[in-house]
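Let me begin by presenting the structure, written as structure tokens, before commenting on it.
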Amino acid sequence: MALTVTPLTPNLGAEISGVDLSVPLSNSDFDTVHQAFVDHSLLVFRGQDLSPKAQVAFSQRFGPLMIHVLKEALIEDQPEIYKISNLTEDGKPVGRAYAGQYWHSDLTYEPQPSLGSLLYGVQVPEVGGDTLFASTAHAYETLSPAMQGFLEGLTAEHHFAHAFRERPKAKTGSPNHLEERPPVVHPVVRTHPESGRKCLFLNEGFTVRIKELAPAENKAVMQFLFDHMTRAQSVLRHHWQDGDAVLWDNRALVHRGVDDYGDDSPRHMHRTTIEDTAEY
Ligand code: SIN
């Protein structure tokens, strides 16, 4: 079956059909998928049957993989796979339950953040448990030139622990390792190394402050930018089916899970996280 790329919204997302990710893609199919990834920031592959090994092999074609700091949520003999799961085994969590229920881009608290992530739905709820995605390139491009100019050259502090400070621990668990990751600093506006588009690079989950602003200014400016980034016209809502694999570009969007399901609706996902080796 021929590979096809079908856009999902005007501003982000495309569905790819005619591809089996469990076997190595030809170079020409990979080039088409890679170009679609750069053009649409998010790709949905339906009906996949992906072993952890095959998921790692496909993800590695985009770059080196990152090992998540929450070691208890990794597959033991395949630590590149981070389990997002509300299942338990012998009373113990199988992975990290209800992860990322706030707008964020993966691992911006690392000195070299992530290029992209591939999330594979092993078992998903029939209703609920969707993931929202919002284009940070579209967000930048729809700011006024005056606001774009104001943000140019500013830098922001990102910290893993920030995501847990003001959020109830009931569903996020009590992760260890929070202090293993000291704060890092990244530009507020980054030029995407492949598309050349400027993207806002700050997020509600991990961004503590814009370093050059006073506290009251920070609160107002960051809240404005978070609201602007997640306006309906920038957002795609993905409803999961078993076997969906969704690849997204952490350089060009933010995302969040939607915690509208409970432990009686099993949701078990495998995520690989690709490192961004570019300099900004
Ligand atoms: C994530 O933040 O990577 C997970 C989002 C989700 O589980 O929907």
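The values are calculated or read from the model by the stated rules, or taken from the named source; none is laboratory data. From a predicted model like this one, the values you see are computed outputs, not experimental measurements. Virtual Cβ from ideal backbone geometry, glycine too; neighbours counted across all protein chains shown.
Below are the figures for this structure:
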| quantity | calculated |
| --- | --- |
| Subset of the stretch 202-233 (residues that are over 20 Å from Phe164 (Cα atoms) and surrounded by 15 or more Cβ atoms within 10 Å (Cβ to Cβ)) | Leu213, Val221, Leu225, His228, Met229, Thr230 |
| Residue satisfying all of: in the stretch 56-98; basic (Lys, Arg) and within 14 Å of the ligand (Cβ to nearest atom); farthest from Ser22 (Cα to Cα) among these | Arg96 |
| Those residues of the stretch 116-149 which are away from the ligand (no atom under 14 Å from the Cβ), outside any helix (DSSP H, G or I), buried (at least 18 other Cβ atoms within 10 Å of the Cβ) and aliphatic (A, V, I, L, M), in sequence order | Leu143 |
| Hits in the stretch 1-14 (condition: farther than 16 Å from Ser117 by Cα and not β-branched (Val, Ile, Thr)) | Met1, Ala2, Leu3, Pro7, Leu8, Pro10, Asn11 |
| Where a residue in the stretch 255-280 is touching a residue at least 12 places away in the same chain (Cβ under 8 Å) and more than 8 Å from the ligand (Cβ to nearest atom) and its partner, wherever it lies, is basic (Lys, Arg) and assigned to a strand (DSSP E or B), with Cβ under 6 Å and at least six apart | Tyr280/Arg190 |
| Output for the stretch 90-115, where each listed residue is part of a strand (DSSP E or B), surrounded by 15 or more Cβ atoms within 10 Å (Cβ to Cβ) and among the charged types (D, E, K, R) | Arg96 |
| The stretch 213-251 - residue that is out of contact with any Gly (no Cβ under 8 Å at 6 or more places or on another chain) and assigned to a loop (DSSP other than H, G, I, E, B) and, of those, nearest to Leu65 (Cα to Cα) | His239 |
| Residue that is more than 23 Å from Thr155 (Cα to Cα), among the β-branched types (Val, Ile, Thr) and either within 13 Å of the ligand (Cβ to nearest atom) or at pLDDT 95 or above (or both), where the choices are Val246, Val208, Val221 | Val246 |
